1. Would you work out what percent of the accessible area of the range 103-146, with all protein chains in place, is carbon or sulfur (probe 1.4 Å)?
2. Could you please put ARG144, ARG139, ARG72 in sequence from largest to smallest accessible area, using a 1.4 Å probe?
Amino acid sequence: MPCRRTPHWTLPLAAALTAALVAACDRPPSVELKEWTPSDHDGEKKAGDGTAKQGARSDAGGAPALVEITWRNQCASCHGAQGKGDGPQGPMFKAADLGRADWQARVSDAEIARTIVDGKGRMPKFDLPDEIVQGLVARVRSFREP
Ligand code: HEC
């Protein structure tokens, strides 16, 4: 009965797919950012809400969106959308909870920036433009718990 045959290829295929996904996660993050940067910027402009705000943002206009995209693509996988360390890869890497008030109180902006640029422990380093790094520092500050 040909049609009741067990498709033997499904298992190796699934394994190969999983391997490909894992490999994709291990890629240096900066490579992806370069693909995202211009397209997001353009997309934002074209899809723009058409309100008066647009003009005021002029040349710095792309940065907040880029910081947001960068956070979601490069950081949230470990640290979680709200910085709690609860991203999908958070437990595996023991990603830090960035909201802790005691840590926030003793760390300086420069130290946060250095962690992003140089990496720390199991956190990889990120080769990002200074503007984005500063935006990410502000993003990290916004997670501070009361
Ligand atoms: C692969 C998982 C991973 C990714 C991706 C990641 N981090 Fe981390 N991050 C960690 C881990 C693990 C630590 C704890 C490092 C340690 O203290 O040894 C950490 C710590 C930190 C700290 C606190 C360091 C300190 O002084 O204690 C900051 C700030 C931080 N990450 C910001 C970011 C930002 C911003 C991004 C995105 C650009 C990012 N992280 C991406 C895993 C990650």
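1. 52 percent
2. I get ARG72, ARG144, ARG139, largest accessible area first.
The values are calculated or read from the model by the stated rules, or taken from the named source; none is laboratory data. In this text, all values refer to a predicted model and were calculated from it rather than measured experimentally. The area values use the complete protein model at the heavy-atom level, side chains included, leaving out ligands, DNA and RNA. Shrake-Rupley method; radii C 1.70, N 1.55, O 1.52, S 1.80 Å.
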